[in-house]
Structures are given as C-alpha cells and as structure tokens.
Amino acid sequence: MEVTLLIEAMDTSFGLLEDARKKAVELLDSAVKLTSETRGVEENKIQAILKGAQETKLEFLNVIATFLILFGFWVLLSGKYDFFHLTLGVICSLLVAFLNHDLLFANARVGDAKVIFQRFIAYIPWLLYQIVSSNIHVALVALSKNKPIDPRIIRFKTKLESDISWVTMANSITLTPGTITMDIKDGEFFVHALDKKVADDLNAGEMEDRVAHVFMEADHIYVQDVLDVAPIFGELRKGL
Amino acid sequence: MIQISDDIIIKTLARVLVPFIQLYALYVIMHGHHSPGGGFQGGVILGASLVLLVITHGLKGTQKRISEKSVAIFSSLGVLIYAGIGVLCLVLLGNFLDYSKLAILLSVPLAQARSLGILGVEIGVGLAVMAVMFSIFYNIATGGKQSEEDNN
C-alpha cells in the first residue's frame with residue numbers, strides 16, 4: 001500500500017517536472033521568437049533609415065547638379081555680372097532646382113557624367129559630318145534625272161537601354177537628311193528612309209554604336225579602348 | 001480630358017527642357033526692368049512650362065509639384081504683392097505705385113528704389129499670371145469637374 005502511494009507520488013512529481021520543463025521550453029521558444037521578431041523589425045527599421053538617407057543624399061546631389069547647370073545657363077542668359085543680378089540668379093536657380101530636381105536626372109543610369117559629356121561633345125562633329133554627307137546624297141537624288149527615290153519604312157530592335165539614349169538616337173536619325181524617326185515602341189525604332197542607301201547606312205548600325213558609346217552602354221570593344229589596352233599586351237608579350 | 005503622351009521622345013525632351021524653360025521665365029521676369037520682357041511675359045512662359053508638364057506627365061504628376069490649392073494662393077499672392085507695393089507708396093504720402101517714395105524704406109538712392117520697386121511689381125505680376133494661366137488650363141482640361149481620382 002505504501003509502495004503504491006510512493007509510486008503514485010513519484011509519478012505525479014515526474015508529471016509535474018515534465019510539465020514544468022515543457023512550459024520552460026515553450027517560454028524559451030517564445031522568447032527566442034520574440035527577440036528574433038524584434039530584431040527583424042529593428043533591422044528593417046535601420047535598413048529603411050539607411051535607404052532613406054541614401055535617397056536623401058541622391059536627391060541632394062541631384063539638386064546640386066541641377067543648380068549648377070541652371071546657374072551656368074543663367075549666367076549665359078543674363079550677361080550682367082554685378083552682385084545683385086548674380087544673387088537673383090542663385091535664388092532663381094535654387095528655386096527651380098528644388099522644384100525640379102527629379103526631372104533632369106530621372107532614370108539616370110550609373111555612369112560617369114563627365115565622361116558622358118565629353119563623349120557627347122566628341123559625338124557632335126561626327127553627326128555634323130553625317131548630316132553634310134547625307135545632305136549631298138539627298139540633293140543628288142533630288143537633282144538627278146530619273147529620281148531613284150525608293151521610300152521604305154525600316155524597323156529595328158535597338159540595343160540602347162536608357163530613354164535619353166533612345167531620344168539622342170531618334171533625333172540624330174531625324175537630323176540626318178533622308179531618314180525620319182516615326183516612332184519608338186518598346187525599344188523598336190520605326191524609321192522612314194528615302195532610298196536604299198540611307199536605309200543601309202542606318203542598318204549598318206554605326207550611329208547606334210556611337211550613341212551607345214556616348215552613354216556608356218556599349219557591350220563591345222571600341223578602337224580607342226583597344227588602343228588603350230595595346231601597351232599592356234605589349235608588355236605581356238615582352239615578358240613571354 | 002488630358003491623355004498622357006506615351007511617346008518616349010516627347011516625354012524625355014519635356015522633362016529635360018522644363019527646368020530650362022522655367023529658369024528662362026524667371027530670367028525674363030527678373031530682367032524686365034532692363035530689357036524686353038517683364039512680369040506678364042515671364043509668367044506666361046512659366047505657366048506654359050507647367051502646361052507642358054501636364055501634357056507629358058499627366059495632371060496627377062503635376063499636382064504633386066504644384067497643387068490646385070497653391071495655384072489659388074499664388075494667384076492671389078501675386079495681386080497682393082502688386083497692390084501692396086502700390087498701397088505702400090500711398091502710405092508713404094506718394095501716388096499709387098510711386099516707387100521713389102520707397103527710397104526711405106530701402107535706404108537706397110531714388111533711381112535704385114524705382115528699379116527695385118518695379119522688380120517687386122514684376123514678380124507679383126509674374127506669379128499671378130503663372131497661377132491664373134495654369135488654373136485656366138486646369139479647369140479646361142478637367143471640364144471644370146474635380147476628377148483627380150480617375151486621372152493618372
């Protein structure tokens with residue numbers, strides 16, 4: 001009798017211990033879960049703050065860049081370099097820059113603005129040469145007796161990526177006599193060409209390559225880049 | 001109803017050109033007392049830049065920049081600046097818009113006071129014209145109805 005009582009008491013005590021252990025494990029589990037949850041929340045918060053700081057920094061840089069460009073434009077326009085007018089210029093440029101900081105550099109890709117500017121300046125003489133040469137061609141076509149005009153609409157998928165390079169490409173095509181950009185739909189250009197020669201010139205893709213080079217979207221090596229690499233190869237050969 | 005242009009060329013060129021158009025408008029306003037131009041012309045150019053934004057980027061996108069409420073405030077603020085300068089001259093025992101009386105307040109020579117007074121009036125006129133231009137366009141575009149929700 002006493003033995004059975006003892007066994008029962010032991011059983012209940014074991015049961016109690018088990019329950020206590022379970023409860024303790026549950027508590028620990030929930031505590032761990034809670035801390036991980038709070039940690040996640042805190043991490044999200046920190047990430048949001050960092051992201052916000054980055055965005056503010058980007059916004060600030062945009063405002064500064066827009067302000068500098070606009071102030072240069074103001075000095076060009078104004079032509080009065082006394083203190084009063086320059087102060088007005090600073091105020092006006094700052095105002096416009098604050099209102100429009102997201103316009104000028106919207107969809108900006110990663111790229112060196114200075115290099116893009118230099119390359120764009122270098123691109124203009126080539127474009128002028130193209131305009132003159134195709135101008136002569138179109139004039140010859142118009143003045144020749146049998147008028148070999150053979151109008152056609154060509155379409156091609158472009159490899160250019162940003163909207164600003166699309167627009168540069170489209171306007172370059174339109175500026176060149178004999179070809180007119182009609183539309184851009186989903187990266188596909190629709191171009192009206194006067195005859196086979198100008199269409200072939202465009203299809204050769206030199207203009208596209210050059211625009212891609214200007215906006216640092218070129219995915220192939222250029223002659224000048226090869227020239228930069230050449231001395232290194234020379235050294236390597238010497239070593240061999 | 002304004003349909004947003006889906007032409008990438010027009011959209012991109014508009015977003016690049018709008019800051020320059022607005023700065024040119026401010027240049028026309030600020031140099032109105034030296035060279036051709038002035039408050040009205042500059043205000044019209046400023047309003048036109050906003051209209052260009054509405055055509056290319058939609059009403060909603062433009063309203064984030066300049067809300068209808070602030071347009072109403074600007075249009076009355078412009079008139080207030082204009083009339084305020086005029087009445088200030090009256091208070092200083094001159095005629096309405098007699099800028100030379102402002103010389104005492106600004107503590108500058110008479111000629112410069114006239115120049116500054118005209119500049120202030122030009123700014124007021126420019127603000128009012130810009131705001132009224134935009135609100136006329138806005139009201140025509142929405143047909144006088146408040147349909148900001150179904151415009152995007």
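Laboratory data are not the source of any read-out in this text; all were calculated from the coordinates shown. Since the structure is predicted, the reported quantities are computational estimates derived from the model, not experimental observations. FYI the Cβ positions are ideal-geometry reconstructions off the backbone, even for glycines, and counts take in every protein chain you see.
For Cα pairs less than 8 Å apart in space and 6+ apart in sequence, what is the mean separation divided by the residue count of chain A, i.e. the relative contact order in percent? Once divided by the residue count of chain A, the mean separation gives 15 percent. Pick from A:Gly89, A:Gly72, A:Gly15: which is most flexible by mean-square fluctuation in a GNM of chain A where alpha carbon atoms under 10 Å apart are linked? Looking only at A:Gly89, A:Gly72, A:Gly15, the biggest GNM fluctuation is shown by A:Gly15. With neighbours defined as other Cβ atoms within 10 Å of a residue's Cβ, the residues A:His101, B:His34, A:His137 order from fewest to most as B:His34, A:His137, A:His101.
Charge tally for A:Ala139 (other residues, Cβ to Cβ under 15 Å; Lys, Arg +1; Asp, Glu -1): +2. For segment B:61-152, the relative contact order comes to 34 percent (Cα pairs under 8 Å, sequence separation of at least 6). Taking every residue in B:17-28 and counting other chain Cβ atoms within 10 Å of its Cβ, the average works out to 6. Please check chain A for the longest run free of chymotrypsin sites (Phe, Trp or Tyr not before Pro) that are loop-located per DSSP (anything but H, G, I, E, B) and have at most 13 other Cβ atoms within 10 Å. Within chain A, the longest run free of exposed chymotrypsin sites (Phe, Trp or Tyr not before Pro) spans A:82-221. Size descriptors for chain B (Cα atoms only): Rg and Dmax, in that order, 18.3, 58 Å.
Within chain A, the whole DSSP H helices whose Cα atoms reach 15 Å or more along their own axis and whose mean Kyte-Doolittle score is at least 1.0 are A:83-104, A:113-143. Measuring against 20 Å, Cα to Cα, the residue pairs A:Lys51/B:Lys69; A:Lys185/B:Lys60; A:Lys145/A:Lys197; A:Lys114/A:Lys159; B:Lys11/B:Lys145; A:Lys145/A:Lys196 contain A:Lys51/B:Lys69; A:Lys185/B:Lys60; A:Lys114/A:Lys159; B:Lys11/B:Lys145 as the ones spanning a longer distance.
Along the axis of the charge dipole computed for chain A (Cβ charges of +1 for Lys and Arg, -1 for Asp and Glu, origin at the Cα centre), the listed residues A:Ile64, A:Val211, A:Ser133 are led at the positive end by A:Ser133.
Exposure proxy shown here: for B:Ile29, B:Ile21, B:Ile104, the number of other Cβ atoms within 10 Å sets the order, fewest to most, as B:Ile104, B:Ile21, B:Ile29.
Which one, A:Thr174, A:Thr56, A:Thr38, has the greatest fluctuation when you compute a Gaussian network model over chain A with C-alpha springs under 10 angstrom? Sorting by GNM fluctuation, first place goes to A:Thr38.
Between A:Tyr81 and B:Gln112, what FRET efficiency follows from the Cβ-Cβ distance if R0 is 22 Å, with the result rounded to 0.05? Using R0 = 22 Å, I get an efficiency of 0.80. Reducing segment B:29-82 and segment A:123-181 to their Cα centroids gives an inter-centroid distance of 38 Å.
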